[in-house]
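Working notes, beginning with the structure itself.
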Amino acid sequence: MPTKSGPTYQQIMSDLKAGKFAPVYILMGEESYYIDKIADYIADNALRPEERDFNQTVIYGADTTTMKIVDQAHQFPMMAERQVIIVKEAQALRQLEPLEKYLKNPVKSTILVWCYKNGKIDARKKVIALAQATGVVFESKKLRDYQLPAFIADYLKKKNVSIDQKSAQMIAEHIGADLNRMTSELDKVIISLPNDDKRVTPDIVEREIGVSKDFNSFELRDAIVQKNVFKANQIIKYFDTNPKAGSIYSFLPMIFNFFQNLMIVYYSPQNRTEGDIAKALDMRSPWGARDYVTGKRNYSARKTMDIISKIREIDAKSKGIENPDTSAGDLMKELLFFILH
């Protein structure tokens with residue numbers, strides 16, 4: 001039987017900030033960032049500072065057993081409304097039967113936080129259904145590459161800092177989907193900003209994070225759109241000798257998205273003006289449509305379709321499909337030559 005969809009991180013945090021605490025939280029998944037944020041908020045806010053010494057416990061899964069945790073969860077708080085038990089690295093605990101029994105009738109004055117990282121509990125196990133019935137089950141999934149720029153912009157916005165699209169893309173590609181490292185780097189950038197100018201620019205990203213503002217996937221996409229053969233080859237050569245600056249895995253989705261959208265533009269009845277194109281692609285602003293006006297000028301509909309097919313071929317080869325020994329660098333060069341000639 002499939003389990004019901006759980007609450008989002010935002011919904012959980014909204015309830016916590018409103019003082020609505022559940023008796024149990026099963027926090028699991030590949031992305032540790034959200035698990036830590038929820039557990040840390042509960043640790044910092046479920047009890048008053050003077051109550052924590054006797055009523056808040058942090059336990060590591062490798063150092064205990066599920067039975068011992070459940071025994072402690074059955075205890076009552078000392079001179080406080082509740083007790084908090086946070087189980088870190090809970091994936092080390094294999095015997096879940098005592099937890100299943102506890103979840104059938106959890107103690108109302110206990111908040112049990114189960115932090116299960118680098119994977120998830122099998123949804124078919126009774127623990128999940130029981131926890132959903134009495135508390136909160138949250139799966140923390142890794143963000144996809146295309147979601148990272150929006151995460152960056154949102155994180156900075158909450159700290160009253162703005163960032164342009166290029167800068168966000170540069171950071172996303174350089175750091176990848178490790179949100180703990182990402183937020184650490186963003187905090188470093190925030191500290192570097194002057195009080196009278198809270199904007200993150202490509203120059204600042206280059207200086208503080210060490211990403212080239214001239215040789216990155218954003219610039220490669222722009223060179224391809226403009227059909228600037230010299231610049232595109234410069235960037236690919238830079239990637240080949242500096243793998244951390246950019247790779248086929250970071251720029252393939254971006255380039256595929258551009259040509260896929262360009263194909264949509266070609267098939268749209270109205271595609272002459274930037275406004276027409278923005279409407280066809282459901283863009284918030286006509287500004288981004290300029291690239292597709294340029295794209296129409298540089299790439300025919302037939303060529304666009306051939307490029308999409310070639311990108312799919314290169315993507316498969318980059319994953320080892322029908323490709324015994326061609327390097328990622330050579331695949332990048334092969335694709336670029338096909339696109340630009």
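The values are calculated or read from the model by the stated rules, or taken from the named source; none is laboratory data. Since the model is a prediction, treat every value here as computed from it, not as a measurement. Cβ coordinates were reconstructed from backbone atoms using ideal geometry, including for glycine residues, and neighbour counts include every protein chain displayed. We work out accessible area using only protein heavy atoms, side chains counted, and drop any ligands, DNA or RNA first. Shrake-Rupley method; radii C 1.70, N 1.55, O 1.52, S 1.80 Å.
Here the Kirkwood formula puts the hydrodynamic radius of the stretch 1-102 at 14.9 Å, using every distinct Cα pair.
Label positions at Ile308 and Asp330, each projected 7 Å from the Cα along the C-beta direction, are separated by 2.9 nm. Between amide H atoms placed 1.01 Å from N, distances below 5 Å from Lys142 occur with Glu30, Glu31, all of them 5 or more places distant or on a separate chain.
The length gained by stretching the chain between Arg272 and Lys126 to full extension, at 0.36 nm per residue less their Cα-Cα distance, is 46.8 nm.
Annotation: for a label point projected 7 angstrom from Cα along Cα→Cβ of Gln11, residues of the stretch 111-145 with backbone N closer than 14 Å are 132-140. Any chance you could check the Cα centroid distance between the stretch 218-240 and the stretch 50-86 for me, in angstrom? Using only Cα atoms to place each centre, the spacing works out to 57 Å. Reported value for the stretch 47-164: 148 Å³ per residue, from the convex hull of its C-alpha atoms. Taking θ as phi - 60° and the Karplus parameters 6.51, -1.76 and 1.60, the scalar couplings of the stretch 8-18 work out to 7, 4, 4, 5, 5, 5, 4, 5, 4, 5, 8 Hz in sequence order, x denoting glycine and proline. Taking all protein chains into account, the per residue accessible area for the chain stands at 55 Å² (1.4 Å probe). May I ask which of Lys166/Lys296; Lys166/Lys317; Lys158/Lys231; Lys227/Lys317; Lys237/Lys310; Lys157/Lys213 have a Cα-Cα span longer than 26 Å here? Over 26 Å Cα-Cα: Lys166/Lys317; Lys158/Lys231.
For the pairs Lys117/Lys141; Lys88/Lys142; Lys108/Lys142, flag any whose C-alpha to C-alpha distance is greater than 22 Å. Correct reply: Lys108/Lys142.
Over the chain, DSSP H runs of length four or greater, each weighted -39,500 (n - 2.57), average out per residue to a 222 nm ellipticity of -16500 deg cm²/dmol.
Our analysis of the stretch 285-341 gives Rg over Rh at 1.10, with the two radii drawn from alpha carbon positions and Rh computed by the Kirkwood formula. Per residue, the convex hull spanned by the alpha carbons of the stretch 95-172 comes to 132 Å³. Summed over all non-identical Cα pairs, the Kirkwood treatment of the stretch 88-239 gives a radius of 18.9 Å. For the pair Thr57 and Asn298, the difference between a 0.36 nm per residue extended length and the Cα-Cα distance amounts to 80.4 nm.
Amide H to amide H distances under 5 Å link Gln83 with Thr110, Ile111, where only residues 5 or more positions off or on other chains count and H is placed in the peptide plane. Placing unit charges on each Cβ (+1 for Lys and Arg, -1 for Asp and Glu) gives the chain a dipole about its Cα centre, and among Leu186, Met263, Ser162 the Cα reaching farthest toward its positive end belongs to Met263. The distance separating the Cα centre of the stretch 267-284 from that of the stretch 150-198 comes to 31 Å.
Residues in the stretch 74-84 carry Karplus couplings, in order, of 6, 6, 9, x, 9, 6, 8, 6, 8, 10, 10 Hz; the curve used is 6.51 cos²θ - 1.76 cosθ + 1.60 with θ = phi - 60°, and Gly or Pro positions show x. Can you give the accessible area of Trp287 in Å² (nearest 10), computed on protein heavy atoms with a 1.4 Å probe? Number for this one is 150 Å². The string of couplings for the stretch 166-179 from the Karplus curve (6.51, -1.76, 1.60, θ = phi - 60°) is 4, 4, 4, 5, 4, 5, 4, 5, 6, 9, x, 8, 8, 5 Hz, one whole number per residue in order, with x for Gly and Pro. For the chain, modelled as a Gaussian network with Cα springs under 10 Å, which listed residue fluctuates most, Pro202, Pro269, Pro23? Of Pro202, Pro269, Pro23, the most mobile in the Gaussian network model is Pro269.
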